[in-house]
Structure formats: structure tokens, C-alpha cells
Amino acid sequence: MSRGSSAGFDRHITIFSPEGRLYQVEYAFKPAKEGISIIGVRSSEGVVLVCAKRVPDKLLDPAAVTSMFPITPLIGCVSTGLIADCKAQVQRTRMEAAQFAYKNGYPIPVSYLAKRVADVGQVYTQHAFMRALGVVTIFAAVDDEAGPQLYKVDPAGHYLGFHACAAGAKEQEANNFLEKRVKANESMTMSQAMETAIIALQTVVGSDLKPTDLEVGVVTKEHPRFKQLTEQEIEVELNKISDRD
């Protein structure tokens with residue numbers, strides 16, 4: 001049976017199709033685009049990371065299911081895509097951060113860490129004996145010089161800094177919402193950034209969220225250590241939003 005114009009061009013990651021496409025890199029984007037929704041919003045005071053939380057089996061301990069990870073005490077990230085690839089990338093990222101701190105004597109800047117993760121991802125697209133990780137990762141931290149920072153890294157090894165960004169299911173819908181909010185208020189406070197991120201996730205999910213339906217991580221200038229909110233703290237933030245409505 002004929003497989004059409006793409007026949008044979010997805011056997012190795014380094015083979016280009018006649019149209020100049022790398023099909024295996026595109027395949028790596030698919031699980032990331034179909035994964036859980038993740039959102040990052042940067043304010044003048046800090047950064048908020050939010051992601052949907054799915055517990056696929058009632059027998060699982062919900063505390064064991066997470067897509068949000070601390071990399072160093074000062075840097076946190078949230079990932080979407082293949083969870084095994086997420087954890088492999090987190091392990092590699094933690095190693096990079098630890099080696100940098102050991103060699104240089106100070107914590108790794110989040111901009112350099114995002115670049116290192118993107119460089120490794122890009123190398124994975126060059127060799128036939130590797131495969132691109134099906135993961136999109138958003139990093140957050142407060143830099144000593146540049147202030148609050150938000151970076152997104154994709155499977156092709158592309159990384160950029162953002163005021164706000166989203167990935168996962170209904171990514172474009174979330175980005176459209178964030179674009180309107182950021183354009184209306186470029187100098188958000190931390191509470192406004194929190195509200196924007198949670199409402200964006202509610203818009204994508206299409207229903208009101210309970211504290212068990214999402215994870216929230218924050219890092220601020222006042223408290224530069226990355227912190228994940230407890231269910232009680234998330235409930236307080238959800239109540240604030242419902243009271244405003």
C-alpha cells in the first residue's frame with residue numbers, strides 16, 4: 001500500500017521530506033499539543049505558573065501526580081507532553097543547574113538554563129540515534145539583574161522569553177486570552193497575574209476549577225524561592241476570583 005508523499009521520510013529524525021519537513025520533530029510536538037494545559041504569566045513583582053491536574057486512576061495518590069517541578073530553590077518549571085519525557089528532562093535540567101553552581105560558585109540564571117535545555121533539545125534533532133523529547137517546558141524565576149523571568153522551551157530546541165505564554169491542549173485559545181489581558185495591563189501586579197493565569201486555565205478547560213483540578217507555582221521579588229501553593233492556598237485564590245465576579 002502506498003503511504004503517499006511522506007513514505008519513508010519519517011524513518012529517521014535526520015531525514016528531510018521533499019517539502020523540507022522533519023516529520024519526527026513534528027511528531028514530538030503532537031503529545032505536547034495534546035497534553036495538559038500549562039500557563040505562565042509574568043508580572044512586575046514575580047511570575048505565576050498554573051497547570052491543569054489530571055489524576056488518571058482513582059487508585060493513584062493525587063500527591064504523586066504532578067507536572068510542576070522545582071529545579072533549584074530559585075527556579076521552577078511546569079511541563080506538558082509525555083510525562084516520562086518530562087521527568088527525564090527535569091532530571092537533566094537539575095543536573096545542568098547543579099554543575100553550573102558547582103563550577104561557578106553562584107546559582108544558574110534562568111535564561112542560561114533555558115538556553116542549555118533548548119541546546120540539548122536541538123542536538124536531539126541532529127542525530128539518528130536520538131529522538132526529540134515530546135515536551136514543552138515553561139521556566140520561571142526572579143533574576144538578580146533582569147527581575148522576573150518567564151521562558152518557554154519546545155521539542156525543536158527553540159526558546160524565548162515571554163510576558164505570558166501557554167502550551168498544551170487549546171494552546172492558541174489560551175494565548176489569545178493572555179494576549180488581550182497583557183495588552184490591556186502590561187504592568188500587572190502579582191494578584192492580577194494570578195487571576196489572569198487561573199481565568200485563562202478556566203477558559204481553556206471550559207468550567208470552574210476546584211483546588212484539586214490545578215497546580216499553582218509562584219516566585220516573587222519579595223520571596224525569590226520557588227513555591228507551590230497548597231490546596232488551601234489555591235482555594236483562597238479561587239474564592240478571590242469568584243468574589244470579584
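Quick note: the coordinates plus some simple rules give every number you see, no bench work behind them. Everything numeric here is computed off the predicted structure, so don't read it as measured data. Cβ atoms come from the backbone with ideal geometry, glycine included; neighbour counts cover every protein chain shown.
Provide the gained length on full extension for the span Lys180 to His127, in nm with one decimal, where the gain is 0.36 nm per separating residue minus the Cα-Cα distance.
15.1 nm
So which trypsin sites (Lys or Arg not before Pro) in region 77-186 end up in coil per DSSP with only 12 or fewer other C-beta atoms within 10 Å?
none
Just want the answer: with Cβ charges of +1 for Lys and Arg and -1 for Asp and Glu, which residue in Thr80, Ala63, Phe162 is farthest toward the dipole's positive end in the chain?
The residue sitting farthest along the positive end of the dipole is Thr80.
Tell me, what is the FRET efficiency for Asn104 and Ser191 to the nearest 0.05, using R0 = 41 angstrom and their Cβ-Cβ distance as r?
0.70
Quickly estimate the mean residue ellipticity at 222 nm for the chain, helices only: each DSSP H run with n ≥ 4 gives -39500 (n - 2.57), and the total goes over all residues, rounded to 500.
Rounded to the nearest 500, it is -12500 deg cm²/dmol.
With a 10 Å Cβ neighbour count serving as the proxy for reagent exposure, in which order, fewest first, do Thr189, Thr220 appear?
Sorted ascending by nearby Cβ count, the order is Thr189, Thr220.
Mind listing which GluC sites (Glu not before Pro) in region 16-66 are in a DSSP loop and have 12 or fewer other Cβ atoms within 10 Å?
Sparse-neighbourhood loop GluC sites (Glu not before Pro): Glu19.
How big is the gap, in Å, between the Cα center of region 24-55 and the Cα center of region 190-209?
Using only Cα atoms to place each centre, the spacing works out to 13 Å.
Kindly write out, for region 21-36 in residue order, the coupling ³J(HN,Hα) from the Karplus curve 6.51 cos²θ - 1.76 cosθ + 1.60 (θ = phi - 60°), rounded to whole Hz, with x marking Gly and Pro.
Rounded to whole hertz, the list is 9, 9, 5, 5, 5, 5, 4, 5, 6, 4, x, 5, 6, 9, x, 5.
Suppose we flag chymotrypsin sites (Phe, Trp or Tyr not before Pro) only when DSSP calls them loop and at most 13 other Cβ atoms lie within 10 Å. Which is the longest uninterrupted stretch of the chain?
Longest site-free region, per DSSP loop and neighbour criteria: 130-245.
Over the Cα atoms of the chain, each weighted equally, I'd like the Debye log10 I(q)/I(0) at q = 0.10, 0.16 Å⁻¹, rounded to two decimals.
The calculated log intensity ratios at q = 0.10, 0.16 Å⁻¹ are -0.49, -1.15.
Count neighbours as other Cβ atoms within 10 Å of each site's Cβ, and list the GluC sites (Glu not before Pro) in region 98-183 that are DSSP loop with at most 15 such neighbours.
Glu145
Calculate, in nm to one decimal, what His158 and Asp144 gain on full extension: separation in residues at 0.36 nm each, minus their alpha carbon distance.
2.6 nm
Starting from the 7 Å offset along Cα-to-Cβ, what nm value, one decimal, do you get for the label separation of Tyr27 and Asp61?
So the label points at Tyr27 and Asp61 sit 3.5 nm apart.
Taking the alpha-carbon set of region 1-114, what are its Rg and Dmax in Å?
For region 1-114, the Cα radius of gyration and maximum Cα-Cα distance read 18.6, 60 Å.
May I ask for the distance between the Cα centers of region 81-118 and region 137-183, given as a whole number of Å?
Comparing the Cα centres of region 81-118 and region 137-183, I get a distance of 17 Å.
Which pairs break 30 Å Cα to Cα here: Lys152/Lys227; Lys58/Lys170; Lys103/Lys221; Lys115/Lys240; Lys53/Lys103?
From the list (Lys152/Lys227; Lys58/Lys170; Lys103/Lys221; Lys115/Lys240; Lys53/Lys103), the Cα-Cα distance tops 30 Å for Lys115/Lys240; Lys53/Lys103.
Over the chain, with a Gaussian network built from C-alpha contacts below 10 Å, which listed residue (Ser43, Ser17, Ser67) shows the highest mean-square fluctuation?
Looking only at Ser43, Ser17, Ser67, the biggest GNM fluctuation is shown by Ser17.
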